Amino acid sequence: KVGKEVIICDAEAQDVEFFLKKSQLPILAVSHLGEYHPEKEFFAGDIEGTEGIAKLASLLPSHASLVLNFDDETVRDLKNKSRAHPLTFGFGMRADVRATDIVLTQFPALGTNFKINYEGNIVPCWLENLFGKENIYAALAAAAVGEAIGLNLVEVSDALKNYKGFPGKLQLLNGIKNSHILNDSESASSLSMLEALDV
């Protein structure tokens, strides 16, 4: 809470329209609808899967923020269905909040280092024991929402040091006999397995 109210609800809630109208600073963040290929910069989600989200986007007032994954072409197109201020994130050159210089590290600890770029500002970011595009996308979405509520990139980067990720999403766990387990068991697919093997 940064002097503003934050309401989180799912797309099925009947009172969403009421909350959107009453909130001082409504923000709708859409991560991705399609499955991304680890080696491709752009992908496209299922257009039929956007109906509920498109309705929410259309309900947003002009003072709201619409945070969208630039790399998912279906999600990116939602900005045309809303009066809200769009703010995009991703790996693509034209994303507003963008990740660059991604490096997997072993020392001082295992994890992912990358830089968050926004309007000429560049701040390093560190995700301990986390790997892969999905975790970086989550960090970028958080950075975009942070910008929308008035945080600066340094504050966002500091907060992301505590980010633990979602269970089973390219998370590094300690195994037996000093081994490590790269756990990507949640919603695993052939493409997510390719990315895990690449890591």
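The values are calculated or read from the model by the stated rules, or taken from the named source; none is laboratory data. Since this is a predicted model, take the numbers as computed values, not measurements. Note that we place each Cβ from the backbone using ideal geometry, even for glycine, and neighbour counts take in every protein chain shown. Heavy atoms of the whole protein, side chains included, go into the accessibility calculation; ligands, DNA and RNA do not. Shrake-Rupley method; radii C 1.70, N 1.55, O 1.52, S 1.80 Å.
Observations on the model:
- Residue check for Ser58: without any contact (Cβ under 8 Å) to a residue 40 or more places away in the chain, surrounded by fewer than 16 Cβ atoms within 10 Å (Cβ to Cβ) and outside any loop (DSSP other than H, G, I, E, B): yes
- Residue list for the stretch 123-139, filter: in contact with an Asp or Glu (Cβ under 9 Å, 6 or more places away or on another chain) and either farther than 17 Å from Ser192 by Cβ or modelled with pLDDT of 95 or more (or both): Pro124
- Filtered residues of the stretch 23-48 (kept if exposed (fewer than 13 other Cβ atoms within 10 Å of the Cβ), farther than 23 Å from Arg98 by Cβ and modelled with pLDDT under 75): Asp46, Glu48
- Of the residues examined, Ala143 is one that is in contact with a strand residue (DSSP E or B) (Cβ under 6 Å, 6 or more places away or on another chain), within 26 Å of Pro167 (Cβ to Cβ) and surrounded by 13 or more Cβ atoms within 10 Å (Cβ to Cβ).
- Filtered residue count, the stretch 96-122, keeping only those that are closer than 27 Å to Pro167 by Cβ, of a type in the set (A, V, I, L, M, F, W, C), in contact with a strand residue (DSSP E or B) (Cβ under 8 Å, 6 or more places away or on another chain) and without any contact (Cβ under 8 Å) to a residue 40 or more places away in the chain: 4
- Residues in the stretch 84-114 that are buried (at least 17 other Cβ atoms within 10 Å of the Cβ) and in contact with a Cys (Cβ under 9 Å, 6 or more places away or on another chain) were compared, and the one that is nearest to Leu173 (Cα to Cα) is Thr112.
- Per the listing Glu134, Glu128, the residue uniquely more than 21 Å from Val30 (Cβ to Cβ) and open to solvent by 30 Å² or more (accessible area, probe 1.4 Å) is Glu128.
- Of all residues in the stretch 174-199, those that are open to solvent by 90 Å² or more (accessible area, probe 1.4 Å) have Cβ atoms under 6 Å from Cβ atoms of residues that are among the hydrophobic types (A, V, I, L, M, F, W, C), 6 or more apart or on another chain, in His180/Leu172.
- Residue in the stretch 159-173 that is surrounded by the most Cβ atoms within 10 Å (Cβ to Cβ), counting only those that are aliphatic (A, V, I, L, M) and under 17 Å from the mean Cα position of the chain (by Cα): Leu170
- Remark: pairs (first residue in the stretch 154-168, more than 18 Å from Ile116 (Cα to Cα); second residue surrounded by 12 or more Cβ atoms within 10 Å (Cβ to Cβ) and not aliphatic (A, V, I, L, M); Cβ separation under 6 Å; 6+ apart in sequence or on different chains) = Gly168/Asn183; Gly168/Ser185; Gly168/Glu186.
- One residue from Val123, Val145, Val154 being among the β-branched types (Val, Ile, Thr) and within 16 Å of the chain's Cα centre (by Cα): Val145
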